[in-house]
Amino acid sequence: MTNSVPEIGQYSDVIFIIGSNTAECHPLIARQVIKAKERGAKLIVADPRLTEMANKADIWLRVPAGYNISLINGLLHIIVKENLYNSDFVQNHAEGFDEVARAVEDYTPAYVEKLTGIPQQDLVEAARFFGRAKNATILYCMGVTQFSYGTGNVVSLSNLAVVTGNMGRPGTGVNPLRGQNNVQGACDMGCLSNVLPGYLAVTDEKNRARFEKEWHVRLPSKPGLRIPEIGDAILNGRVRAAYVFGENPVMSDPDSSHLRHAFEHLDLLVVQDIFLTETARLAHVVLPAACWGEKEGTFTNTERRVQRVRKAVNPPGEARDDWWIFSALAQKMDYGRMNYLHPQEIWDEVRRLVPEKFGGISYDRLEKARGISWPCPAEDHPGTPFLYEGGKFATASGKANLRPVFFDPTRLPEEKVKQFKHALAGKITELPDEEYPFTLTTGRRGYHYHTGTMTRKSWPITQVTPQQLIEINPRDARKLGIEDGDFVKLSTRRGSIAAKAWVTERVPEKTVFTSFHFWEANVNELTINSTDPVACIPEFKVAAAKVEKITPAEFQAILQEKKKKYLVDLEEEVAGQSKSGRREAHV
Amino acid sequence: MVSCSEKGRTERVLTVCPYCGTGCGLYLVVEDGRITGVEPDSLHPVNEGELCIKGYFGYQYIEDDRRLRSPLIKKDGKFTPVSWDEALNFAAARLAKIKQESGPDAFALFASARATNEENYVAQKFARAVMGTNNVDHCARL
Ligand code: SF4
Ligand code: SF4
């Protein structure tokens, strides 16, 4: 996020939420939004589904899955036409305004209504709210990024924020709500194939030299494979060994049957986790890890706030901290620079290597503070709750770069792109057709989390959300003879799953929605592995699908098949082998 | 620093919720070496004394019977509990062999958005410094 969460409750007077089911996925950020509303702030929500947030909105823009760019260009069109942009900010702190203004000329309210079905009045009203706001903030999530043109979506949102001058002050900004507790930290620590810790490109010799000095090795200069590319790399023999820790890619990755199949071809699969996950069941070696509550360290939340996590209890049996396992393995492989005794030593190494971002964030300071947001270069630096103060951006010129973005559902608007400098464009990879007439879109449920490894082991959570449901609009259901609670089979070109139907207005016509929390019906067997060329993020949010009603007997048959496929019985079997030794202290 | 609790004592250990990226502050209530509950941190600027259902109840997996408690090696298609030494020797030998035969880029590491900063740092260091490859990535794209 460019800005911190408490600023929303305190300063924002217009909040634009797009592609984020905030109330279910980030409930305590939603609470700040409600706090702002109680102060009189206006809420605009763009989402194909009638989420709880959409329900609370002053204006709900029911944008069809995949059409964000048309909507945002439409808002920009009105803001430019009605002179609601911040000319001062645009002149002094941005480059490329004229190009963007020209690019959105075609996106009149009438044209956007034709493309998306959003009523013209609503669009105009939303643009006026946003353009006239003192402090407008944009919150977005995977409904913006999980497309083959996710980068285009994000760029068009930052166009909107910069053009209206909503950057570099409290309560403004472009704010991705990061899904997992430490996805921000994993990126910051260099768990990306093109950058070292601190986002230092591996291709730059100076960056490598910094780490080579401390690590005493020569480092590779070629960027590595990205997760969506690994399946193919295994199948064509380039990758022979994989190491997975604390992830369950067999459930969470797009077109997961393909990846599963690839994993079965590995010469070595090491899985380090706290349960025998669907992925671990395929491993050659499984290493038991300590989990949250059993170890010391830090997490970095979506606001870049580094916070201490602490140990409360001992891990079970022989389970060990992940850092201990990697260090021990490194020593077995004769690497001598990873002999750590405590996470604090590791964190101090990070601070030493990337002082410009983390230098001032010591364990000592974290003892007292409720986290510190990086960049924080020195011990007496307070941290940085919001970025780009005074409109100074992290570009060569210090100005924000505005770039035109185009979208056409059916084909890339290439001629358009040619008429502009630095334009971006997107199209939907797989549109509905006669055979697969629905748009399938995916996400999470409020009470569960991702692949369910953790939440499905909590009884209060399992009680309120015990099973997979497939959301379908009542008009579509009627046409297919489906009633609420009937079993349905949902298929795409990549596979099928079966679950109960939830007949609801939450989804628009011709759209179905479901989650990836349940192996019984894992929607990622259906999603498409078509990725964004810049960020390599897969298109989870749109695929063409068909829905059929099935009998309870057919449902049972599919369930048995999945049970075999995910080796479900193995988890209980292995747990049974080693019941003794619960929570013994270890040294 | 608060450490493990001892018998017969109740302690509250300040930490951060392990679920979504909001990063709410909370206390783990520990009795006799076991977690018995969760209390929100009222001084945390983001959650200001509140939590959602995942924060309140999501910790139960820690005590679940199905937790892995021993390293396992698949022998003849069956998982067999082994010592740390055996498991690490097995992995180290195979990794070294594959690296020697097919080069560093025959290895790929999937890091974790659930683990700590320190663990992710050490993981990528393992891939880059020990294995010699930039094939390290995680679910930020997913
Ligand atoms: S899986 Fe996706 S939503 Fe979840 S943390 Fe990773 S990137 Fe975010
Ligand atoms: S309590 Fe809920 S909102 Fe807060 S971090 Fe945990 S899961 Fe997220």
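The values are calculated or read from the model by the stated rules, or taken from the named source; none is laboratory data. Remember, predicted model here, so these are calculated numbers, not experimental data. Using ideal geometry, Cβ is built from the backbone for each residue, glycine included, and neighbour counts are taken over all protein chains shown. Heavy atoms of the whole protein, side chains included, go into the accessibility calculation; ligands, DNA and RNA do not. Shrake-Rupley method; radii C 1.70, N 1.55, O 1.52, S 1.80 Å.
I want the local charge near B:Tyr121. Using Cβ-Cβ distances under 10 Å, sum +1 for each Lys or Arg and -1 for each Asp or Glu among the other residues. Show your work: numbers first, answer last.
Values: positive: B:Lys125; negative: A:Asp188, A:Glu349, B:Glu118, B:Glu119.
For residues surrounding B:Tyr121, the net value is -3.
What is the set of long-range amide H partners of A:Val512 at a cut-off below 5 Å, with H atoms built 1.01 Å from backbone N?
A:Thr439, A:Leu440, A:Thr441
With +1 on each Lys and Arg Cβ and -1 on each Asp and Glu Cβ, how big is the dipole of segment B:79-118 about its Cα centre, in debye rounded to the nearest 20?
Numbers: 4 positive and 5 negative charges, 20 e Å.
For this selection, approximately 100 debye.
Tell me which residues come under 5 Å, amide H to amide H, from B:Val16 once H is placed; ignore anything under 5 positions away on its chain.
Hits under the 5 Å cutoff: A:Arg310, B:Leu26.
Ignoring ligands, DNA and RNA, please state the percent of accessible area on chain A from carbon and sulfur, probe 1.4 Å.
Values: 10710 of 21450 Å².
Its accessible area is 50 percent carbon and sulfur atoms.
How large a share of the accessible area of segment B:72-141, in percent, is made up of carbon and sulfur atoms when the probe is 1.4 Å and the other protein chains stay in place?
Numbers: 1040 of 2040 Å².
So the carbon and sulfur contribution to the accessible surface is 51 percent.
Between B:Leu43 and A:Leu431, what FRET efficiency comes out of the Förster formula 1/(1 + (r/R0)^6) with R0 = 51 Å and r the beta carbon distance, rounded to 0.05? Let's see the in-between values first.
On the way: r = 51 Å, r/R0 = 0.99.
Once rounded, the FRET efficiency stands at 0.50.
With each pseudo-label sitting 7 Å past Cα toward Cβ, what's the A:Asn236-B:Ser83 distance in nm, one decimal?
Using points 7 Å along Cα→Cβ, the separation is 4.4 nm.
Would you kindly derive the ³J(HN,Hα) couplings of segment A:303-314 from the backbone phi angles with the Karplus curve 6.51 cos²θ - 1.76 cosθ + 1.60 (θ = phi - 60°), listing them in order in whole Hz, with x for Gly and Pro?
Those phi angles translate into 8, 6, 8, 7, 10, 7, 10, 10, 7, 10, 9, 7 Hz.
Return the inverse of the average 1/r over all pairs of distinct C-alpha atoms in the protein assembly as shown, which is the Kirkwood hydrodynamic radius, in Å to one decimal. Present the calculation step by step, with values, prior to reporting the outcome.
Working: mean 1/r = 0.0381 Å⁻¹.
Evaluated on the protein assembly as shown, it is 26.3 Å.
I need the phi-derived Karplus couplings for segment A:353-362: 6.51 cos²θ - 1.76 cosθ + 1.60, θ = phi - 60°, integer Hz, Gly and Pro marked x.
These are the phi-based 3J(HN,Hα) values: 7, 10, x, 4, 9, 10, x, x, 9, 9 Hz.
What figure, in Å² to the nearest 10, do you get for the accessible area of A:Trp374 with a 1.4 Å probe and non-protein molecules left out?
Surface accessible to solvent at A:Trp374 totals approximately 20 Å².
Can you list the lysines whose alpha carbon is less than 25 Å from that of A:Lys35, not counting same-chain residues fewer than 8 positions off?
Answer for A:Lys35, where 25 Å is the Cα cut-off: A:Lys56, A:Lys134, B:Lys54, listed by chain and number.
In square angstrom, rounded to the nearest 10, how much accessible surface does B:Trp84 have for a 1.4 Å probe?
Near enough 20 Å² of accessible area.
Using a 1.4 angstrom probe on the protein heavy atoms only, line up A:Asp322, B:Asp105 by accessible area, largest first.
On the way: A:Asp322 10, B:Asp105 65 Å².
Heavy-atom accessible area, descending, gives B:Asp105, A:Asp322.
Run the reach check for A:Lys421 against lysines, Cα to Cα strictly under 18 Å, same-chain hits fewer than 8 apart removed. What comes back?
Partners found: A:Lys399.
Hey, if you put +1 on the Cβ of every Lys and Arg and -1 on every Asp and Glu Cβ in segment A:254-393, which of A:Leu287, A:His265, A:Gln344 ends up farthest toward the positive end of that dipole?
A:Gln344
Using the structure shown, list the pairs from A:Lys206/B:Lys125; A:Lys489/A:Lys564; A:Lys332/B:Lys97; A:Lys206/B:Lys97; A:Lys489/A:Lys563; A:Lys311/A:Lys332 with a Cα-Cα distance above 20 Å, or answer none.
Numbers: A:Lys206/B:Lys125 17 Å; A:Lys489/A:Lys564 18 Å; A:Lys332/B:Lys97 13 Å; A:Lys206/B:Lys97 31 Å; A:Lys489/A:Lys563 16 Å; A:Lys311/A:Lys332 27 Å.
Cα-Cα > 20 Å for A:Lys206/B:Lys97; A:Lys311/A:Lys332; rest within.
So in chain A, what percent of DSSP beta bridges are antiparallel if you round to the nearest 5? Please list the in-between numbers first.
Values: 25 of 65 bridges.
Close to 40 percent.
With +1 on each Lys and Arg Cβ and -1 on each Asp and Glu Cβ, and nothing else charged, work out how big the dipole of segment A:183-373 is about its Cα centre, in Debye to the nearest 20. If you can, show how the numbers build up before the last one.
Numbers: 26 positive and 27 negative charges, 119 e Å.
In debye, rounded to 20, segment A:183-373 gives about 560.
Rounded to the nearest whole Å², what accessible area per residue is found for segment A:295-450 with the 1.4 Å probe?
Values: 6490 Å² over 156 residues.
That works out to 42 Å² per residue.
At 1.4 Å probe size, with no ligands or nucleic acids counted, give the accessible surface of A:Met53 in Å², nearest ten.
0 Å²
Please compute the Kirkwood hydrodynamic radius over segment B:72-141, one decimal place, Å, based on all pairs of different Cα atoms. All intermediate terms of the calculation are to be shown ahead of the outcome.
On the way: mean 1/r = 0.0737 Å⁻¹.
Every distinct Cα pair counted, the radius reaches 13.6 Å.
Which residues' amide hydrogens lie under 5 Å from the amide hydrogen of A:Gln180, considering only partners 5 or more residues apart or on another chain, with H built in the peptide plane?
B:Gly21
If you average the sequence gap of Cα pairs under 8 Å that are 6 or more apart and divide by the length of segment A:183-373, what percent do you get for the contact order?
Details: 258 pairs, mean separation 29.2, N = 191.
In percent, rounded to a whole number, it is 15.
If one takes the accessible area of chain B alone plus chain A alone and subtracts that of the pair, with a 1.4 Å probe, what total in Å², rounded to the nearest 100, results?
Values: alone 10990 and 27060 Å², together 26280 Å².
Rounded to the nearest hundred, the buried surface is 11800 Å².
Express the relative contact order of chain A as a whole percentage, based on alpha carbon pairs under 8 Å and six or more residues apart in sequence.
Values: 1179 pairs, mean separation 94.0, N = 587.
Relative contact order comes out at 16 percent.
Note down the net charge around B:Trp84, summing +1 for each Lys or Arg and -1 for each Asp or Glu among other residues with Cβ under 9 Å from its Cβ. Let's see the in-between values first.
Details: positive: A:Arg320; negative: A:Glu318, B:Asp85, B:Glu86.
So the environment of B:Trp84 carries a net charge of -2.
Looking at B:Leu51, B:Asn120, B:Ile73, which one has the Cα that reaches farthest to the positive end of the dipole of chain B (charges on Cβ: Lys, Arg +1; Asp, Glu -1)?
Among B:Leu51, B:Asn120, B:Ile73, the one farthest towards the positive end of the dipole of chain B is B:Ile73.
If you plug each phi of segment A:235-245 into the Karplus form 6.51 cos²θ - 1.76 cosθ + 1.60 with θ = phi - 60°, what whole-Hz ³J(HN,Hα) values come out, in order, with x for Gly and Pro?
5, 8, x, 6, 9, 10, 10, 10, 10, 10, 10
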